[in-house]
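Laboratory data are not the source of any read-out in this text; all were calculated from the coordinates shown. Source: prediction; values computed, not measured. Positions of Cβ are generated from backbone atoms using ideal geometry, with glycine treated the same way; all protein chains shown enter the neighbour counts.
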Amino acid sequence: MSQRIEHTNSYYAYSANPSPERPALAGSVRADVCVIGAGYTGISTALHLAEAGLNVVVLESARVGWGASGRNGGQIVNSYSRDMDVIEARHGKEAAKRLGAMAFEGGKIIRERIAKYNIQCDLKDGNVFAAFTHKQLDELDAKRRLWESFGHTGIQMVDKAGMQRIVNSDEYVGALLDNWGGHIHPLNLVLGEAAAFESLGGRIYEQSAVTEVVRGQAAVVKTAGGQVTADFVVVAGNAYLGDLIPMLAEKTLPCGTQVVTTERLSPELARSLLPGDNCVEDCNFLLDYYRLTGDNRLLYGGGTVYGARDPGAIESLIRPKMLKTFPQLKDVKIEFGWTGNFSLTLTRLPQAGRIDNNIYYSQGCSGHGVTYTHLAGRIMAEAIRGQSERFDAFASLPHYPFPGGRLFRVPMLTLGAWWYGMRDKLGL
Ligand SMILES: Cc1cc2nc3c(=O)[nH]c(=O)nc-3n(C[C@H](O)[C@H](O)[C@H](O)COP(=O)(O)OP(=O)(O)OC[C@H]3O[C@@H](n4cnc5c(N)ncnc54)[C@H](O)[C@@H]3O)c2cc1C
C-alpha cells in the first residue's frame, strides 16, 4: 500500500478545526459528477452541485485542502489577476463586460457559505493594496474608478496620514482599501465547505490519486484502488495536477510561494502593526502579502520560486522582507514556514474549458484564486446543469502554451522574475 500523504507542516494544519480522515476509494462507484481535487475549485463545484441535488464524488490525492487552498495567504482579493481594463484591451468590450459582471461574486459566495454553514474560519473584512510610490498610488486610483464602473461601492483611497490607521509601517505612500475584500483561515474554510458538501450526501475519498481518465459518454476515472463512472468530470487539480492531462499541464506553470507565521504576539503589539486588522498586499510585481491570524500572529508571505522548487530556508527568504515592513519585530520568533504551489498562465487570466463536452476544467488563477475558485465552482456547476453562458464567458478566452515548451519555460520565467524584481527595486 502506498504511503499516506498528510498536510504540510503549516500554521494552518496546526490550527485546523477537527476534520475526519476520509477513506480511499475502493471498488467501483457510480456518480452524476466526479470531481478530481479537493481544493476550493473542486469542493466549491461539488457543493454547488450537491445543493442542486446531484450525486457527486470527489477524489483527492492527499487530504481535503492539502494543496494551495489549505496553504495560502488567506486574502479575499476581488476581481482577477488581470483586471477588466486589460481584458478589454486584449479581448474586447464584451468580454470585459461579461467578466466584470462576475468580478466581485467570489467573495460574496465565500461569505454566503460561511454564514449558511456556520464555518469557523476567522473571517475579517478589508483588503489593502499598499503603494510604495505615487505612480503605484495613481494606478490604484485608476483601479478604484474601474471597479466602481463595474458596480463596486465599498472602496476608498487612503493617503499617507490615513495609512497609520491601517498599517504601522513607513514603507507606503498610500493605499486602496477594499471593504468587500477580507481574510480567512483558508484551510478551515475548505474543511467547512467539505463538511457542508458531505452533509448533503456528497462523498469524498482521500488518499485517492486519479491515475487515468477514460473519456466517453460516461467517463471512467481510475485510481489505484477503484474507479468512478460519471456523466461529467471536473478536473480541479490546478498546480498539483501533474501530467494527468498533458494538454492542461502545457498551458500552466506551477510556481512556489512561501509563507511564515510568527509566534503569538501580544494583542497590543498585533494591533499596533495592523490597527484595522485588514490584510495587505503591496503593489510590486513580486509582491509581499500579510495579515494577522485569529490568534494574533503575523502571517507574512512573498517570494516566488519559479518551477515550484522547494526553498531551502523559507525563514531566511521571508524574514528580511517582514523586517523591512515591520522593523519592530526584530526580536520576534518565526514558528512556521511553508511553501505552496499556485498555477501561473501566460495571460495571468484563469483558464476554464471543456474536453469532449463532459470533462470540465478550471485552473491557473495566477496567485489570485481564493475568490475566483469559488466563482469557478458556481459557473462550472451551472454549465453542467445546462446554463453555460457565464462559464462560456471564461471558456471563450484564448489559452496559450508557455513558449519554449517544458524545458525552457522555467528558465524564461526566472529571467522574467529577475527583470520584474529589478523593476520593483528601481520603482519603474
Ligand atoms: C502560498 C500561497 C499563497 C497564496 N495566497 C493567496 C491569497 O492570499 N489570495 C488569493 O486569492 N490567492 C492566493 N493563492 C492562490 C490560491 O490559493 C489558489 O489559487 C487556490 O487555492 C487554488 O485552488 P484549487 O482548488 O484550484 O487548487 P488546490 O487548492 O491546489 O487544490 C488542488 C487539489 O487537487 C489535488 N489533486 C491534484 N492532482 C490530483 C489527482 N491526480 N487526483 C486526485 N487529486 C489531485 C491536490 O492534491 C490538491 O488538493 C496563494 C497560493 C499559494 C500557494
Note down the nm distance, to one decimal, between modelled labels 7 Å out along Cα→Cβ at residue 328 and at residue 268.
-> 1.1
Kirkwood-based Rg over Rh for the range 134-277 (C-alpha set), two decimals?
-> 1.11
Cα lying deepest toward the dipole's positive end in the range 240-332, options 329, 261, 316, charges on Cβ | 329
Obtain the nm distance between the two label points defined at residue 101 and residue 145 by a simple spin-label model: each point lies 7 Å from its Cα along the Cα-to-C-beta direction.
-> 2.5
Roughly how many debye, to the nearest 20, is the charge dipole of the range 18-112 about its Cα centre, given +1 on each Lys and Arg Cβ, -1 on each Asp and Glu Cβ, and no other charges?
-> 120
Taking amide H positions as placed 1.01 Å from N in the peptide plane, with prolines and chain starts having none, which residues 5 or more places from residue 182, or on another chain, fall under 5 Å of its amide H?
-> 76, 126, 127
Taking the DSSP beta bridges in the chain as the whole, what percent of them are antiparallel, to the nearest 5?
-> 70
Would you mind putting 360-369, 245-254, 23-32 in packing order, based on average other-beta-carbon counts within 10 Å, highest first?
-> 360-369, 245-254, 23-32
Computed label-point distance, nm, for sites residue 389 and residue 224 using a 7 Å Cα→Cβ extension = 4.7
Between residue 355 and residue 4, what is the FRET efficiency for a Förster distance of 35 Å, r being their Cβ-Cβ separation, to the nearest 0.05?
-> 0.70
Taking only Cα atoms of the chain, radius of gyration then Dmax in Å | 20.8, 63
Could you pull out every one of the lysines with an alpha carbon less than 30 Å from that of residue 116, ignoring same-chain neighbours closer than 8 positions?
-> 97, 108, 124
Which lysines does residue 135 reach when only Cα atoms under 18 Å apart count, and residues fewer than 8 places away in its own chain are ignored?
-> 143, 160, 425
Fully extended, how many nm does the chain gain between residue 51 and residue 316 (0.36 nm per residue separation, minus their Cα-Cα distance)?
-> 90.9 nm
Under 20 Å from a label point 7 Å along Cα→Cβ of residue 32: give me every residue in the range 211-226 with its amide N that close.
-> 216-221
Residues meeting the amide H criterion for residue 286 (H placed from the backbone, H to H distance under 5 Å, 5 or more places apart or on another chain) are none
Cβ-Cβ cut-off under 13 Å around residue 105, Lys and Arg +1, Asp and Glu -1: the net charge is +4
Determine, from the Cβ-Cβ distance of residue 243 and residue 132 and an R0 of 35 Å, the FRET efficiency 1/(1 + (r/R0)^6), rounded to the nearest 0.05.
-> 0.30
With the 8 Å Cα cutoff and a minimum separation of six or more residues, the chain has a relative contact order in percent of 23
Residues whose built amide H sits under 5 Å from the amide H of residue 35, excluding neighbours closer than 5 in sequence, are 57, 58, 59, 234
What number, in percent, do you get for the relative contact order of the range 106-216 if the mean sequence gap of Cα pairs under 8 Å and at least 6 apart is divided by its residue count?
-> 37
Roughly how big is the chain's charge dipole about its Cα centre, with Cβ charges of +1 (Lys, Arg) and -1 (Asp, Glu), in debye to the nearest 20?
-> 400
